[in-house]
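**Q** Below is the structure I would like to discuss, written out as structure tokens.
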Amino acid sequence: MDTNLDLSCTLVIFGATGDLTHRKLLPAIYNLQYQRLLPEAFSIMAIGRKDKTSNTYREEAYKAVKKFSRFPMEEEVWKDISHKIYYESMNFLEKEGYIELQKRLQIIDEKHHTKGNKIYYMAVAPEYFQHIIDALHKHVINKEEKSWRRIVIEKPFGRDLESAKYLNSKIVEVFQEKNTYRIDHYLGKEMLQNIMVLRFANMFFEPLWNSKYIDNIQISSSERVGVENRGGYYEKAGAMRDMVQSHMLQLVSLIGMEPPNDLDTESIRNEKVKVLKALKKITQEDVQENTVRGQYGPGQLGGESFLGYREEERVSVTSDTETYVALRVFIENFRWAGVPFYIRTGKRMPQKSTEIIIQFKSIENILYFKEKILQPNLLVIRIQPREGVFFRFNAKEPGTQQKIIPVQMDFCQNCQLDINSPEAYERLLYDVMRGDSTLFARWDEVEYSWRFVDSILEGWKKQKPVFPNYEAGTWGPKETDLLLQKDKRGWINI
Ligand SMILES: NC(=O)c1ccc[n+]([C@@H]2O[C@H](COP(=O)([O-])OP(=O)(O)OC[C@H]3O[C@@H](n4cnc5c(N)ncnc54)[C@H](OP(=O)(O)O)[C@@H]3O)[C@@H](O)[C@H]2O)c1
């Protein structure tokens, strides 16, 4: 890590009274301060609509940090950061607020010697992105000189290719691509960063990482929760836009990419985008064959009863929004020809988990078990909540008979008490300060993800879904199994 970088800056958070700021951003900032990673010349301008003083905001921030931080609250650490936090109340839609904001930013900048450098963090609903960027341009940024400015934009980046393109065109009027950080917090997760290391720093994986040795890849991300209080947002998004367009396709690109020439940001992104470009388009004609969508109805889990999606707050009683998606995806290139990537993600599943299963081809039954099939080797990369790697291979069962059984090696990274993995937002915020955008999506990655997703969404429009089609607390619609059974395969549940 380059410790000579000048990180002096003001972090301007739009949406600072919201859920994301309280649960993720403020704890991340505190954790960075705890590790002495924040520069002395640092300040935070927290912006919300509610009327309150900086002191009241600091008290709220203290409570949020105490509740959500991975490091314990230490008063000395908090004292070092709290006096650098300021609150500004404004309405995003009114220009007066921006004029006032510009003046306050100048004062804070001088007080904390942050050299005019700014990170503008959009922790707001997507419909505000454009408006804030335009107003910032007109009333704040035009008045800034000799400083760097970066924008962090939360997902979803648009709701289809067209709107994403338009949003991007607005951003590039104000921010250079290298200063645009499209955040996908999955990319900040420890095990995700570990995928490249596992693949490219170990001799025994990479030579087998292709269609000759791999039978199929299964990427599953399940959530136990429903839409919680985000029904309004989710109604416009659904699992496809919320999860597949960003997180799931990012996982596919990391698993599928070629080794980059070096570890430079652009070299890595160049390889990732090649995978997204090579995704075989799912057209209206084959959408039924390659996709399954679902929506949860009422159900029970562990003695608890759950509402169906249509009964949730701010959700239409006739909603056709999908809370579950499963896909059969192919990457059309030399390495992956014919290897299906099965993807599934859903809400109100029995447990929260994200994992990638690489199933190797079965070995020819020449030496052992001519009459019985050997279990194929599996490599499982566990992203959350457990972080680690699981490997299944065949071995002889101890005893006098020649019996072969599958055995396992299970490496759990975060089970060891002394490993407290950094939260994704902590890593990502620090990267923005350092100007490292490797773990953020470049525009063309977003563009090609939308191209792929748009085509499926278009195909779905042709047929009205029969929802709800799975009970809350179960593993999704039964059609999901058929998706693999057609290929004479099944989902692997470790
Ligand atoms: N929450 C998460 O875990 C999460 C995870 C991933 C991505 N995201 C994304 O992060 C963004 C923020 O989500 P969130 O859950 O934090 O939303 P939220 O809890 O609804 O917070 C929205 C924030 O925007 C402010 N706001 C709304 N309208 C405003 C206006 N006209 N003028 C000024 N301020 C206004 C609110 O201020 P007041 O409260 O003062 O009204 C609040 O600070 C969204 O794009 C979301 O998709 C969130």
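The values are calculated or read from the model by the stated rules, or taken from the named source; none is laboratory data. As the structure is a prediction and not an experimental result, all values here were calculated from the model. Don't worry about glycine lacking a Cβ; one is built from the backbone with ideal geometry, like all the others, and counts go over all protein chains shown. Keep in mind that these areas ignore ligands, DNA and RNA; they rest on the heavy atoms of the full protein, side chains included. Shrake-Rupley method; radii C 1.70, N 1.55, O 1.52, S 1.80 Å.
**Q** Can you tell me which residue within the stretch 75-103, out of those that are more than 10 Å from the ligand (Cβ to nearest atom) and part of a loop (DSSP other than H, G, I, E, B), is surrounded by the fewest Cβ atoms within 10 Å (Cβ to Cβ)?
**A** His83
**Q** List pairs: first residue in the stretch 152-181 and under 14 Å from Met122 (Cβ atoms), second residue assigned to a helix (DSSP H, G or I) and basic (Lys, Arg) anywhere in the structure, Cβ distance under 6 angstrom, at least six positions apart or on different chains.
**A** Once the first residue is under 14 Å from Met122 (Cβ atoms) and sits in the stretch 152-181, its partners that are assigned to a helix (DSSP H, G or I) and basic (Lys, Arg) give Pro156/Arg241.
**Q** Just one of the numbered conditions (1) at pLDDT 95 or above; (2) closer than 24 Å to Leu208 by Cα is not true of Lys347; which one?
**A** Failing condition for Lys347: (2).
**Q** Step by step: first the residues of the stretch 289-303, then only those that are surrounded by 14 or more Cβ atoms within 10 Å (Cβ to Cβ) and over 25 Å from the mean Cα position of the chain (by Cα), then the one that is nearest to Leu482 (Cα to Cα). Which residue is that?
**A** Residue satisfying both the conditions and the ranking: Gly297.
**Q** When the stretch 47-74 is examined, which residues are found to be assigned to a helix (DSSP H, G or I) and of a type outside the set (D, E, K, R)?
**A** The answer is Ser54, Asn55, Thr56, Tyr57, Ala61, Tyr62, Ala64, Val65, Phe68.
**Q** A follow-up question, please. Only one of Lys138, Lys165, Lys170, Lys155 is open to solvent by 20 Å² or more (accessible area, probe 1.4 Å) and over 30 Å from Val244 (Cα atoms); which?
**A** The match here is Lys138.
**Q** Name the residue, out of Lys52, Lys24, that is within 24 Å of the chain's Cα centre (by Cα) and closer than 20 Å to Ala123 by Cα. Give the derivation first.
**A** Working: Lys52 fails: within 24 Å of the chain's Cα centre (by Cα).
After ruling out the rest, the residue left standing is Lys24.
**Q** If you don't mind, there's one more thing I want to ask. Looking at the stretch 198-230 only, could you name the residues that are open to solvent by 20 Å² or more (accessible area, probe 1.4 Å), modelled with pLDDT under 95 and touching a Phe, Trp or Tyr at 6+ places or on another chain (Cβ under 7 Å)?
**A** Those that are open to solvent by 20 Å² or more (accessible area, probe 1.4 Å), modelled with pLDDT under 95 and touching a Phe, Trp or Tyr at 6+ places or on another chain (Cβ under 7 Å): Leu198, Glu206.
**Q** Can you pull out the helices (runs of 4 or more DSSP H) entirely within the stretch 231-346 that have at least 1 residues that are on the phi > 0 side of the Ramachandran plot and either of a type outside the set (Ser, Thr, Tyr) or without any contact (Cβ under 8 Å) to a residue 24 or more places away in the chain (or both)?
**A** 231-239
**Q** May I pose another question? Name every residue in the stretch 103-133 that is in contact with a Lys or Arg (Cβ under 7 Å, 6 or more places away or on another chain) and either farther than 24 Å from Glu40 by Cβ or among the small types (Gly, Ala, Ser) (or both), in order of residue number.
**A** Scanning the stretch 103-133 gives Gly116, Gln130, Ile133.
**Q** Is it the case that the stretch 9-28 has a residue that's among the basic types (Lys, Arg), within 16 Å of the ligand (Cβ to nearest atom) and farther than 17 Å from His113 by Cβ?
**A** yes
**Q** Show the residue pairs meeting these rules: Cβ distance below 7 Å; 6+ apart or different chains; first residue within the stretch 44-67 and within 16 Å of Lys84 (Cβ to Cβ) and open to solvent by 100 Å² or more (accessible area, probe 1.4 Å); second residue within 14 Å of the ligand (Cβ to nearest atom) and in a helix (DSSP H, G or I).
**A** The qualifying pairs do not exist here.
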